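This report concerns only the one structure given below.
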Amino acid sequence: MNADTIMTFVLGLILGVGLVMLLTSRQTRLLKRNLKKDAEISIKERTLELNEKLAKQELDIQTRESQIEQKIKASNKLEKELEEKADNFNAKENELLKEQKSLDEAKYNAKKLERFYRLKLHQITQMSQKEARELLLQATEKDCEAEIQSIRREKLGRSESEINDEARKLLLASMQRLSSQSLNDATATLVQLPNEEFKGRIIGKEGRNIRTFEHATGTTLMMDESPDSVLVSSFDPVRREIARISLEALVRDGRIHPANIEETVKTSEDAIFSSMVEVAEKAVLQLRLNDVPHDVLTMLGHLNYRLSNNQNTLEHSVEVSNFCALLAAELGYDVNLAKRAGLYHDIGKALTEEGHESHAMAGANFMKKHGEDDLVVNAIAAHHKEVEPESVYASLVMIADSISATRPGVRTSSVDGFYQRVKSIENIAKEQQGVDDAYAIQAGKELRVIVKPEIVDDAGCRQIARRIRSRIENELSYPGVIEITVIREQRFNETAV
């Protein structure tokens, strides 16, 4: 290779390197220019983002500053109000302290003045504080007595008159719709015999028949002088009725011996208990009552053989139930509850030796065990005022029971009991201060009381009448009502000649 070739190669190489370097420098400048543009764009975008965030933060700061300023203003206002209230409270407290001080001073001065006048009064009248107080009360009572009595007489008279008129109308309207028998026959205890020979057959050899009969029935047969009758005696009316039916069946059959007696008594018992349920079912059906348990029906059937002062207890209970229903309908209360309370009010009389309670409480507990309504249970327990009545149904039962028991001829009473009741009524009246004499008339239905006119005035007569009424209601048991009349009379006689 010659020198020219080498030279040419070197020059070419140098020229190529220069071109490459030139191209590389140009690309580098282009790349720098592009990178600079991208950097500027990124910077602008970031700057915009930062500016937006900064604007939002400034807006939030301004909002919070505004809220803080409002809270500060509200706090300042509240603080100002509290300060004003505290100032007012302090001012009022100062006023109260001043008033309390003035009141204490006035109280002290009043006590001083009271002691002074009390001393003066004691010096003048020589009276104690108690005597002066009593004298003042007597004078005040005397001044106001006439006015008080007038107002009292007007108010009480008008209210009692209105209540009595309304009650009378309601009771009459209900009683007129009720029709019942006026008298019930007593339970028959005599058994008629065809002839006197049957007495010996009833007694039997060595008394075997009569002992068997009395043991089976729990009754006593009394053979008196009458040849054609035998008296059946027992405190239990059901046993007495079983004995009566059994004895009549034995007399009709004619075969009287221990085996036949026991069989007849058993048959009679079944017939009686079956008839008791039937009678009770008829009573319940008559009253249109539902959901009556079988045990309750059995107890109601027992009442058909029990008498109270010659009045059939079951018929009395049905009558009370009807009357309660009529009253409840007039007053706008539940007729069904009133019927149940009236029908069950004496069911305790059919219970024997259960808890040694009165028939009202025993009947209430019995019906409560059988799921009866609480209002009905209370009405049963309260119909003799042994517990406090909790509803109007108790009052309805009391009224209906009283009316059913006091209808003319419905019950009979002994002469001794009647005489004792009349004397008790007169004695209660005679024990009142200022009473001269007292007379019970109209079979104890009316009481006439004569007072001493020089001791008792017109207002005192009314007070005596009220006291007598209260004692009679609380201490005596009597049918119906008793009218009390207090008489104050003065007579002046002169004879002209």
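Every number in this text was worked out from the coordinates using simple rules, so none of it is lab data. Everything numeric in this text was worked out from a predicted model, so none of it was measured. Virtual Cβ from ideal backbone geometry, glycine too; neighbours counted across all protein chains shown.
Do we have any residue at all in the stretch 212-228 that's within 19 Å of ASN260 (Cα to Cα) and part of a strand (DSSP E or B)?
Checking the stretch 212-228: at least one residue is within 19 Å of ASN260 (Cα to Cα) and part of a strand (DSSP E or B).
I'd like to know if the stretch 447-463 contains one or more residues that are part of a loop (DSSP other than H, G, I, E, B), over 31 Å from the mean Cα position of the chain (by Cα) and among the aliphatic types (A, V, I, L, M).
Looking through the stretch 447-463, at least one residue is part of a loop (DSSP other than H, G, I, E, B), over 31 Å from the mean Cα position of the chain (by Cα) and among the aliphatic types (A, V, I, L, M).
State all residues of the stretch 346-359 that are surrounded by 22 or more Cβ atoms within 10 Å (Cβ to Cβ) and either farther than 18 Å from VAL279 by Cβ or of a type in the set (S, T, N, Q) (or both); if no residue qualifies, say none.
Across the stretch 346-359, the qualifying residue is only GLY348.
Take residues that are free of Cβ contacts under 8 Å to residues at least 60 places away in the same chain and either of a type in the set (Phe, Trp, Tyr) or exposed (fewer than 15 other Cβ atoms within 10 Å of the Cβ) (or both) and tell me which of the helices (runs of 4 or more DSSP H) falling wholly in the stretch 251-333 contain 3 or more.
So the answer is 258-287.
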